[in-house]
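The values are calculated or read from the model by the stated rules, or taken from the named source; none is laboratory data. Small disclaimer: the values here were computed from a predicted structure and weren't measured. Glycine also receives a Cβ, built like all others from the backbone with ideal geometry; neighbour counts cover every protein chain displayed.
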Amino acid sequence: MSNRAQAAEWEPRYAGRAEHMRASEIRELLKLLEEPGIISFAGGIPDPALFPLEAARTAYAEVLSGAGAGAALQYSVSEGYQPLRQWIVRHMDRLGVPCDEDNIVITCGSQQALEFLGRVLLSPSDTALVTTPTYLGALQAFSAYEPRYDELRPEQGNRTPASYTERAAAGGGSVKFAYIVPDFANPTGETLSVAARKRLLDLATELDIPIIEDSAYAALRFDGEPLPAIQALNVAQCGSIDRAHTIYCGTFSKTLSPGLRVGWIAGPKPLIRRLVLVKQASDLNSATINQMVMRRLAETSYERQVTAARVHYRRRRDAMLAALERYMPKGATWTQPQGGLFVWVRLPEGCDGAKLLERAVAEAKVAFVPGAAFFFDGRGRNTIRLSYSLPGEEQIDEGIKRLARMI
């Protein structure tokens, strides 16, 4: 064997930001879905049994057989397909956010939306305010731009604006935004009260920063009355989305299809214009054919799909809560989500979620996500996230029974 063959694999000299990139524990755990016998509570993946397959086949056929078929396979404007943005404008209006299509940019899922916002808002050493725990994908999207993190406590009471400002300055930057998943949060399943939403708005106003409102799960409410979007509260206060400082990130992934990769950002026009420049530099435009198909699915199937998803996931949520109550040992506690896809479990003291996962997969064929991945500071080692979106009710019962035995 030559010396060249024996040498370590070559890598280039990476930019400093590359050192902040980490593999998603969730994406790695998704590989377990291919193993036989595994009951997975890991990924918050929509159940494919709900996908509108016939409607999608019809939509693709219509798009590719109509007069505009060539446009479906062509480059398009970076802002996004205009009829789709017009549907989103009507959707936002129903949420209490009057706007027009120039307030909307289409993204490749809401994950790209988060990455774009991190890119335009964060400089190294700036501070992003997040809850603990928070969505792992947001931490991944933001961390490439080398921020610091500080903790939001909107229900318990946030610190003073001066405290956040002083701590950010001590770290060499300034506070740039607050990020929140207000409805059925990933990972906890909890929902922010109206009072907490208003407190967060007050804090953002005093700090003169935007709120990034990640609303991926807002449509999946099972119980109780819908709460107003933070952006809707903000627009009601200031009179216009163009004067508001809330940035709304929406997606069709949890309601219609994650595979089409269609999300959006709704915000003030100056911000949207800047994000369009980022889109042009990133991938030029989201796939035109997928946007055209998504517009047809939204027009014909959105309400029906949301209604079906609520019924479907409510049954699975109920099955998981019942199994947790039936089997979990003393010392374990968990959230009671009113919607979404997740239950957050706090294990008995001394129980490590990551170590439990190793044993659970090897000995009980059960997978979940250790909770520490959702904390920017490494806390939460005795927590885990369970998703009820994929396994059926009988699998949920059996999987929780096995997991409780391990604990």
Taking Val77, is it surrounded by 15 or more Cβ atoms within 10 Å (Cβ to Cβ), over 29 Å from Leu227 (Cα atoms) and assigned by TED's automatic domain parsing to the domain that holds Asp242? yes
Is it fair to say Ile180 is outside the structural domain of Thr333 (by TED's automatic domain parsing), in contact with a helix residue (DSSP H, G or I) (Cβ under 6 Å, 6 or more places away or on another chain) and β-branched (Val, Ile, Thr)? no
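Let's see how each residue does on (1) touching a Phe, Trp or Tyr at 6+ places or on another chain (Cβ under 8 Å); (2) at negative phi:
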residue: Pro268; (1), (2): no, yes
residue: Arg310; (1), (2): yes, yes
residue: Ala323; (1), (2): no, yes
residue: Lys330; (1), (2): no, yes
residue: Gly350; (1), (2): no, no
residue: Glu358; (1), (2): no, yes
Just checking, which of Leu121, Leu114 is crowded, with 22+ Cβ neighbours inside 10 Å, under 25 Å from Ala266 (Cβ atoms) and modelled with pLDDT of 95 or more? Leu114
Test set (1) over 25 Å from Gln237 (Cβ atoms); (2) of a type in the set (A, V, I, L, M); (3) in contact with a Gly (Cβ under 9 Å, 6 or more places away or on another chain); (4) modelled with pLDDT of 95 or more - Ala128 fails condition number: (1)
Leu227 passes all but one of the listed conditions (1) within 27 Å of Arg119 (Cα to Cα); (2) over 13 Å from the mean Cα position of the chain (by Cα); (3) not polar (S, T, N, Q); the exception is number (1)
Index of the failed condition, Met406 passing every other in (1) touching a helix residue (DSSP H, G or I) at 6+ places or on another chain (Cβ under 6 Å); (2) at pLDDT 95 or above: (2)
Enumeration of residues in region 374-400 that are touching a Ser or Thr at 6+ places or on another chain (Cβ under 8 Å) and surrounded by fewer than 24 Cβ atoms within 10 Å (Cβ to Cβ): Phe375, Phe376, Asp377, Arg379, Gly380, Leu390, Pro391
Suppose the filter is under 24 Å from Ala244 (Cα atoms), surrounded by fewer than 18 Cβ atoms within 10 Å (Cβ to Cβ) and under 18 Å from the mean Cα position of the chain (by Cα); does Arg153 pass it? no
Could you say whether any residue in region 171-186 is closer than 21 Å to Gly267 by Cβ, touching a Pro at 6+ places or on another chain (Cβ under 6 Å) and in a helix (DSSP H, G or I)? no
Considering each of Gly371, Gly378, Gly350 in turn, give the residue that is modelled with pLDDT of 95 or more and small (Gly, Ala, Ser). Gly371
Are there any pairs, at least 6 apart or on different chains, whose C-beta atoms fall under 8 Å, with the first in region 106-131 and at negative phi and in the same structural domain as Ile211 (by TED's automatic domain parsing) and the second of a type in the set (Asp, Glu) and surrounded by 22 or more Cβ atoms within 10 Å (Cβ to Cβ), and if so, which? Ser110/Asp214; Leu114/Asp214
Collect the residues in region 364-407 that are free of Cβ contacts under 8 Å to residues at least 24 places away in the same chain and under 23 Å from Thr132 (Cα atoms), keeping them in residue-number order. Ala372, Gly378
Sort out which residues of region 49-99 are part of a loop (DSSP other than H, G, I, E, B), more than 23 Å from the chain's Cα centre (by Cα) and small (Gly, Ala, Ser), and write them in order of number. Gly66, Ala67, Gly68, Ser76
Name the one entry in Val306, Val311, Val361 that is surrounded by fewer than 21 Cβ atoms within 10 Å (Cβ to Cβ) and without any contact (Cβ under 8 Å) to a residue 12 or more places away in the chain. Val311
